[in-house]
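Below: one structure, written as structure tokens.
The values are calculated or read from the model by the stated rules, or taken from the named source; none is laboratory data. Source: prediction; values computed, not measured. A quick note on method: Cβ atoms are made from the backbone with ideal geometry, for glycine too, and the neighbour counts reach across all protein chains shown.
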Amino acid sequence: MPGLPRWAARPAVRNTGGQARRIITTPMAWTRVQALLATANQNSLNSNGAGFVTLACTGLGTKWYVSQVQVSTGQGPSPLFQIEVTVYLNAVNPVNVIGRSAQGGGDTIGVTVPMQQGDQLIAVWAGAAPNDTATLAVSGDQEVLT
């Protein structure tokens, strides 16, 4: 309104009668695609040769079908160390064990583990060389949304 200062009261916006206003959206289409799964992670072990490495299934709608778990250390298999590794699903708990190896310096464990978004594998090493590097790798199939 001409002639009124900016701070002056203005007339209210006209009431629309409570009609809902629809927000127009574009529908999204997802396609589920099968692909090979091959991923790895590593971590440093402590001065006692103990530690853990985790791998998580992430991504909206992602599913993993793990068929092999490879565990290794930087030093590899060694007659000087009795390297043991235990692999768990989601939590370090005896009921969640999916595989073990007394050759944690370098071994492949055959498993059949379906995983979905939010699940994780946890490999726990003991008896390795101090400050060594531990590696957890998985292979199998995965389903992803594209």
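Yes or no, residue by residue, for (1) in contact (Cβ under 8 Å) with a residue 60 or more places away in the chain; (2) in a loop (DSSP other than H, G, I, E, B):
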residue	(1), (2)
VAL66	yes, no
VAL69	yes, no
GLY76	no, yes
VAL85	no, no
TYR88	no, no
THR108	no, no
VAL111	no, no
Q: State whether the residues of segment 32-50 include one that is surrounded by fewer than 10 Cβ atoms within 10 Å (Cβ to Cβ), at pLDDT below 95, assigned to a strand (DSSP E or B) and in contact with an Asp or Glu (Cβ under 9 Å, 6 or more places away or on another chain).
A: yes
Q.
Please go through segment 107-123 and give me each residue that is under 17 Å from the mean Cα position of the chain (by Cα) and surrounded by 17 or more Cβ atoms within 10 Å (Cβ to Cβ), ordered by number.
A. VAL113, MET115, ASP119, LEU121, ILE122, ALA123
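Sort through GLY104, GLY61 and tell me the only one that's exposed (fewer than 13 other Cβ atoms within 10 Å of the Cβ) and either modelled with pLDDT under 95 or over 21 Å from the mean Cα position of the chain (by Cα) (or both). Break it down stepwise before answering.
On the way: GLY104 fails: exposed (fewer than 13 other Cβ atoms within 10 Å of the Cβ).
None of the others qualify; the one that does is GLY61.
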**Q.** Residue among LEU145, LEU121, LEU89, LEU136 that alone is closer than 30 Å to ALA29 by Cβ and hydrophobic (A, V, I, L, M, F, W, C)
**A.** LEU145
(Q) What are the pairs with Cβ atoms under 7 angstrom where one residue, in segment 120-134, is among the charged types (D, E, K, R) and the other, located anywhere, is surrounded by 20 or more Cβ atoms within 10 Å (Cβ to Cβ) and part of a strand (DSSP E or B)? Sequence gap at least six, or different chains. (A) ASP132/THR73
Q: Taking THR146 as meeting all but one of (1) under 14 Å from GLY49 (Cα atoms); (2) at pLDDT below 95; (3) of a type outside the set (Phe, Trp, Tyr), write down the number of the exception.
A: (1)
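Does segment 51-73 include one or more residues that are among the hydroxyl-bearing types (Ser, Thr, Tyr), touching a strand residue (DSSP E or B) at 6+ places or on another chain (Cβ under 7 Å) and farther than 28 Å from VAL33 by Cβ?
Initial filter on segment 51-73 (among the hydroxyl-bearing types (Ser, Thr, Tyr)): 54, 58, 62, 65, 67, 72-73.
Filter once more, keeping what is touching a strand residue (DSSP E or B) at 6+ places or on another chain (Cβ under 7 Å): 54, 62, 65, 67, 72-73.
Still in the list and also farther than 28 Å from VAL33 by Cβ: 72-73.
Within segment 51-73 (the criterion being among the hydroxyl-bearing types (Ser, Thr, Tyr), touching a strand residue (DSSP E or B) at 6+ places or on another chain (Cβ under 7 Å) and farther than 28 Å from VAL33 by Cβ), the answer is yes, since at least one residue qualifies.
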Q. Among THR62, THR58, which is the only one that is out of contact with any Leu (no Cβ under 8 Å at 6 or more places or on another chain) and under 20 Å from VAL144 (Cβ atoms)?
A. THR58
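Could you look through segment 126-146, keep only residues that are among the charged types (D, E, K, R) and either in contact with a Phe, Trp or Tyr (Cβ under 6 Å, 6 or more places away or on another chain) or part of a strand (DSSP E or B) (or both), and pick out the one that is farthest from GLY59 (Cα to Cα)? Steps first, answer last, please.
Our first condition is that a residue be among the charged types (D, E, K, R); within segment 126-146, this holds for 132, 141, 143.
Add one more test, that the residue is either in contact with a Phe, Trp or Tyr (Cβ under 6 Å, 6 or more places away or on another chain) or part of a strand (DSSP E or B) (or both), and what stays is 141, 143.
Working: ASP141: 15, GLU143: 10 Å.
Here the answer is ASP141.
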